[in-house]
Amino acid sequence: MPDVLTFAAASLIIALTPGPSWIYVIGRTVMQGSLAGLAAVAGNTMGIAVHTVAVALGVSLIVRTSEAAFTILKVAGVLYLISLALRTLRHGLKTDGPPLPPIRRWRIVAEAAMVSVTNPKVALLFIALLPQFLRPETGSALPQMLILGGVHMAVATLVTLGLVAGAKRLRSLFLRNGRFARWFRWSAGAALLAMAGKLALAQR
């Protein structure tokens with residue numbers, strides 16, 4: 001068995017670090033409610049699962065060793081974050097009218113998964129982190145990496161569920177106060193643009 005407990009502690013530190021997934025989960029919860037936030041959590045967990053399988057199968061090594069692959073994934077992530085930001089900012093321009101139109105939950109799941117999957121830094125983090133907690137003497141590396149990936153999925157899910165619970169408190173203010181609603185949309189859009197800029201400058 002891999003060093004699960006130590007890895008869980010490291011995963012908690014990573015999961016508590018704000019990133020694009022944080023912004024998306026909080027934004028969906030405030031603008032659309034708890035069920036939308038839970039859909040975003042599910043999507044984020046699916047994205048982590050994709051990274052886990054990719055690392056276990058060695059696919060993510062391509063991102064690490066190939067400048068072109070890293071750049072393609074990074075550009076895709078940047079463009080996707082920008083598209084989400086522009087959509088949020090567009091509705092933030094409204095001075096009146098209803099809240100941001102609801103997005104279907106299946107789409108929220110897909111968008112949250114894409115936010116995670118198109119972040120090459122997550123793939124590189126998995127590549128750098130998981131092997132440190134493997135114990136080759138106890139068996140094959142593949143099942144151990146899948147176990148560790150499952151641990152990180154569980155930890156990240158618990159953290160993002162906490163974000164939903166916290167963001168839920170802002171939901172009523174968002175619905176009652178038009179000024180706060182516009183400010184929140186602008187803030188969420190600006191934060192996504194900032195994350196896109198940070199990702200654009202990321203190096204392997």
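The values are calculated or read from the model by the stated rules, or taken from the named source; none is laboratory data. Please read all numbers here as calculations on a predicted model, not as lab measurements. Cβ: placed from backbone, ideal geometry, glycine included. Neighbour counts: every protein chain shown.
If we scan the stretch 88-102, do we find a residue that is at pLDDT 80 or above, farther than 27 Å from GLN132 by Cβ and of a type outside the set (D, E, K, R)?
Yes, some residue in the stretch 88-102 is at pLDDT 80 or above, farther than 27 Å from GLN132 by Cβ and of a type outside the set (D, E, K, R).
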Query raised in the report: Taking into account only those residues within the stretch 19-57 that are of a type in the set (Ser, Thr, Tyr) and touching a Leu at 6+ places or on another chain (Cβ under 8 Å), which is surrounded by the fewest Cβ atoms within 10 Å (Cβ to Cβ)?
Result: THR52
Query raised in the report: Can you name every residue in the stretch 127-139 that is at pLDDT below 75 and over 16 Å from ALA10 (Cα atoms)?
Result: PRO136, GLU137, THR138, GLY139
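Within the group LEU84, LEU16, which residue is touching a helix residue (DSSP H, G or I) at 6+ places or on another chain (Cβ under 9 Å), modelled with pLDDT under 90, closer than 26 Å to TRP183 by Cα and surrounded by 20 or more Cβ atoms within 10 Å (Cβ to Cβ)? Give the derivation first.
Working: LEU16 fails: surrounded by 20 or more Cβ atoms within 10 Å (Cβ to Cβ).
When all the criteria are applied, what remains is LEU84.
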Report summary line: Taking the stretch 136-181 and the residues there that are buried (at least 17 other Cβ atoms within 10 Å of the Cβ) and of a type in the set (S, T, N, Q), the one that is nearest to the chain's Cα centre (by Cα) would be THR160
Report task. Please determine, by comparing only the residues of the stretch 140-171 that are modelled with pLDDT of 85 or more and small (Gly, Ala, Ser), which one is nearest to ALA54 (Cα to Cα). Result -> GLY149
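Let me confirm something: among MET153, MET145, which residue is of a type in the set (A, V, I, L, M) and closer than 24 Å to ALA39 by Cα?
Testing whether each residue is of a type in the set (A, V, I, L, M) and closer than 24 Å to ALA39 by Cα leaves just MET153.
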Requested in this report: Tell me, please, whether a residue that is touching a residue at least 40 places away in the same chain (Cβ under 8 Å), out of contact with any Lys or Arg (no Cβ under 7 Å at 6 or more places or on another chain), surrounded by fewer than 19 Cβ atoms within 10 Å (Cβ to Cβ) and over 21 Å from ILE82 (Cβ atoms) can be found in the stretch 193-203.
Outcome: no
